[in-house]
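Below you'll find the structure, written out as structure tokens, and then a few comments.
The values are calculated or read from the model by the stated rules, or taken from the named source; none is laboratory data. In this text the structure is predicted, and so the values were computed from the model without any measurement. FYI the Cβ positions are ideal-geometry reconstructions off the backbone, even for glycines, and counts take in every protein chain you see.
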């Protein structure tokens, strides 16, 4: 299942910190917050992973940031989201979680009518913060040091 933080309310495009617990609540079909009431959606992790004994994958995730000249605030939004995704609570609540892919794109989004920088490796500060927050439970090799690609010039 792909899960993004698009912001708090439609129409999307505002740079807004994600609510605490939003990622897990969305994954479990329990989200009712600033973005609306999604509790009518299924418990994806429960129905498609836990009940079937299958691994859980998040093939795409990221937090919406429209670059507006506030690198610290923009990093705070992304970091708040990835910290939810990679939190110890996520690991314990969803023990079948085996893959998370960050949507590493800086692109025009028609839903927002603006360029959105979803990436974490677009600048050295983001890349270093992201690598530093990667938990051991998510790394491919237990005990391996987290690494993150060097941003392109």
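Listing for the model above:
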| quantity | calculated |
| --- | --- |
| Cross-chain or 6+ apart pairs with Cβ under 8 Å, the stretch 114-133 first and under 15 Å from residue 70 (Cβ atoms), then in a helix (DSSP H, G or I) | 117/74; 123/71; 125/71; 125/75; 126/75; 126/78 |
| Where residue 39 falls short, out of the listed (1) surrounded by fewer than 16 Cβ atoms within 10 Å (Cβ to Cβ); (2) modelled with pLDDT under 95; (3) touching a strand residue (DSSP E or B) at 6+ places or on another chain (Cβ under 6 Å) | (2) |
| The stretch 95-105 - residue that is modelled with pLDDT under 95 and more than 9 Å from the chain's Cα centre (by Cα) and, of those, nearest to residue 123 (Cα to Cα) | 99 |
| So residue 1, is it closer than 15 Å to residue 103 by Cα and either outside any helix (DSSP H, G or I) or modelled with pLDDT under 95 (or both) | yes |
| Candidates 45, 24, 80, filtered to the one that is more than 14 Å from the chain's Cα centre (by Cα), in a helix (DSSP H, G or I) and surrounded by 14 or more Cβ atoms within 10 Å (Cβ to Cβ) | 45 |
| In the stretch 102-114, the residues that are more than 19 Å from residue 3 (Cα to Cα) and touching a strand residue (DSSP E or B) at 6+ places or on another chain (Cβ under 8 Å) | 114 |
| Some residue of the stretch 115-136 being at pLDDT 95 or above, buried (at least 16 other Cβ atoms within 10 Å of the Cβ) and part of a strand (DSSP E or B) | yes |
